[in-house]
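Here the structure is laid out as structure tokens; the discussion comes afterwards.
The values are calculated or read from the model by the stated rules, or taken from the named source; none is laboratory data. Values in this document were obtained by computation on a predicted structure and should not be read as measured data. Note that we place each Cβ from the backbone using ideal geometry, even for glycine, and neighbour counts take in every protein chain shown. These area figures cover heavy atoms from the full protein model, side chains too; ligands, DNA and RNA do not enter into them. Shrake-Rupley method; radii C 1.70, N 1.55, O 1.52, S 1.80 Å.
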Amino acid sequence: MQEAARVAIDLGAESCRVSLLRWIDGQPSVEVIHRIPNGPVHAGNSLRWSLRKILAGLEEGLRKAAAAAPEGIASIGADSWSVDYVRLGPDGGMLGEPFCYRDERTAPTKEAANRIISPFEIYQRTGAYPHNLNSVYQLMADPAAGIDARAPWAMMPEFVLYWLSGKRVAEYTNATHTGLVNLKTGAWDAELFKLLGLAIEAAPPLVTTGTVLGPMKGPLRELEAFRGTQIIAPATHDTASAIAGIPGDLSAAAYISSGTWSLVGTVTETPVTTQLAFDAGYTNIGAAAGGLLFHSLINSMWLLKQCMDAWAAAGRPWKIEDLVQKSAECKSGTGVLDMDAAPLMLDTDMPQRINGELKRLGFDEIPDVAGNEPIFARTIFESLAIRYASATANLEKMLGRRLERIHMIGGATRNKLLIALTERETGLKVEIGETESSTIGSLAAQLAASEAGGKKVTREAVREWAKVLCKSREQGSGVRGQGSVISDQGPVIGPYTSD
């Protein structure tokens, strides 16, 4: 009898994916069977996610999965970018479309929080670097939008799990991104909630990676393939899931998860909350089934995607493959951008924003005319590689040890120019990992959870399953995608990763 299939849902800022793991002749084969275009939308003065549209797309993808797996589906897990959440009404449904982390509403609440407790003290308590986009500042901003501060909430991937299971939880890796989990206790920081005027009773109960939430509920359960399906919380933060999908040992390596954002870091056993780490912008986030991800958040392919959108709107569309090829033919960019500059975090008018930053830093601007698009791309790639180099150098300094190599995952692994520039600037060899590493990590956690039979899932078990899944890819099966969404699954921009 054929072993039952598994489903991994991965929500990305530019596309959402439903992937199906099936066992063919005893070997695992993972296929991305459905993609849903995604992106924040302007609603009046706010920036939101079209969650109802996402859920409709996920239902379509799950129906495809059921049709493709007559052997039945054993489990479903979900992961996504961090910090965004859904408020729930008295009926358990969402109060409204959730805010996007790029909405500017958190600026005043971050300032208000800083007057109550210093950013460094929050950092030392929670390990999470106090970015404006963190959930804590978003939650503080909700009352100004007319949202009841006591309304229950669930993080984005956990809302999908709630939609499928009826059980509201916060998985640890994702919860640590809120800036509200205490490093010492591993629980919600009740004192911090109180200090900042937040309702701790609105927060979901915390669970560990691999927690089985129970059987699938709702109309989809009527499909034969879903009769015995369990809903499992993998590492619900996409980066934690992606790192869990790396089969090798990272003790002497850095990882770069490169997509809309880039994360440069490594796995640690203890948090690093020194002044140096704070000043360098490093965060400590829960890793799957134990340990911590210590990394820096870097603005990344967002710039290129925004440029491409602007050029397309001006009647100058580019295919990403052509843009990378032409940028490789340029001798160099016109200058080096500060990838983390505030204007480059925002949407719209990115070519003009880039020129504004080049001018501010004393470099020549790039005329935004037909034919100069590869120069913009080259400038972005070179600036990003230089930023990777500074991030790895800081990592070595803070940890007091040398790094031997870099393991790169995400869609940018297809960008040979960026890889070459990264090796040049860092002086380290870049290993190419899985483009869909978050899917591998999610499936590995589900398999480990089923194997554990209700006991706590271990890192070693997750890694062993990641080895099985990645080995199958090397032997000719592995993850297969159908089609591409250029800004999320194209050859060189790749999956969204966030903190």
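Working carefully through the options GLY315, GLY248, find the one that is over 20 Å from the mean Cα position of the chain (by Cα), surrounded by fewer than 24 Cβ atoms within 10 Å (Cβ to Cβ) and on the phi > 0 side of the Ramachandran plot. Give the steps one after another, and end with the answer.
Working: GLY248 fails: on the phi > 0 side of the Ramachandran plot.
Matching residue, one of GLY315, GLY248: GLY315.
Name the residues in region 442-454 that are surrounded by fewer than 24 Cβ atoms within 10 Å (Cβ to Cβ) and touching a Gly at 6+ places or on another chain (Cβ under 7 Å), would you?
First, pick out the residues of region 442-454 that are surrounded by fewer than 24 Cβ atoms within 10 Å (Cβ to Cβ): 450-454.
Within region 442-454, ALA452 is the sole residue that qualifies.
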Determine if region 322-332 includes at least one residue that is open to solvent by 40 Å² or more (accessible area, probe 1.4 Å), touching a residue at least 60 places away in the same chain (Cβ under 8 Å) and among the hydroxyl-bearing types (Ser, Thr, Tyr). no
Counting only residues that are in a loop (DSSP other than H, G, I, E, B) and closer than 17 Å to PRO40 by Cα, region 81-120 contains a total of 13
Do you know which of the residues in region 184-198 that are within 26 Å of the chain's Cα centre (by Cα) and not charged (D, E, K, R) is farthest from MET155 (Cα to Cα)? THR185
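Restricting attention to region 216-245, which residues are at negative phi, open to solvent by 20 Å² or more (accessible area, probe 1.4 Å) and either without any contact (Cβ under 8 Å) to a residue 24 or more places away in the chain or more than 26 Å from the chain's Cα centre (by Cα) (or both)? Don't jump to the end; show me each part of the working.
So in region 216-245, the residues at negative phi come out as 216-217, 219-245.
Filter once more, so that each one left must be open to solvent by 20 Å² or more (accessible area, probe 1.4 Å): 217, 219, 221-224, 227-228, 230.
Listed by number, the residues that qualify are LYS217, PRO219, ARG221, GLU222, LEU223, GLU224, ARG227, GLY228.
So which residues in region 85-105 are of a type in the set (Asp, Glu) and under 21 Å from the mean Cα position of the chain (by Cα)? Explain how you work it out, then say what you get.
Here is the first cut: in region 85-105, the ones of a type in the set (Asp, Glu) are 91, 97, 103-104.
Once the filter is applied, which keeps residues that are of a type in the set (Asp, Glu) and under 21 Å from the mean Cα position of the chain (by Cα), region 85-105 yields GLU97, ASP103, GLU104.
Results for (1) more than 21 Å from the chain's Cα centre (by Cα); (2) free of Cβ contacts under 8 Å to residues at least 60 places away in the same chain; (3) assigned to a strand (DSSP E or B), shown as yes or no for each residue.
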site: LEU20; (1), (2), (3): no, yes, yes
site: VAL30; (1), (2), (3): no, no, yes
site: ILE36; (1), (2), (3): no, yes, yes
site: HIS42; (1), (2), (3): yes, yes, yes
site: LEU55; (1), (2), (3): no, no, no
site: LEU58; (1), (2), (3): no, no, no
site: GLY61; (1), (2), (3): no, yes, no
site: LYS64; (1), (2), (3): yes, yes, no
Kindly establish whether SER442 is part of a helix (DSSP H, G or I), in contact with an Asp or Glu (Cβ under 8 Å, 6 or more places away or on another chain), among the hydroxyl-bearing types (Ser, Thr, Tyr) and modelled with pLDDT of 95 or more. yes
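Run down VAL462, VAL457 and say which single residue is crowded, with 22+ Cβ neighbours inside 10 Å and either at pLDDT below 95 or in a helix (DSSP H, G or I) (or both).
None of the others qualify; the one that does is VAL462.
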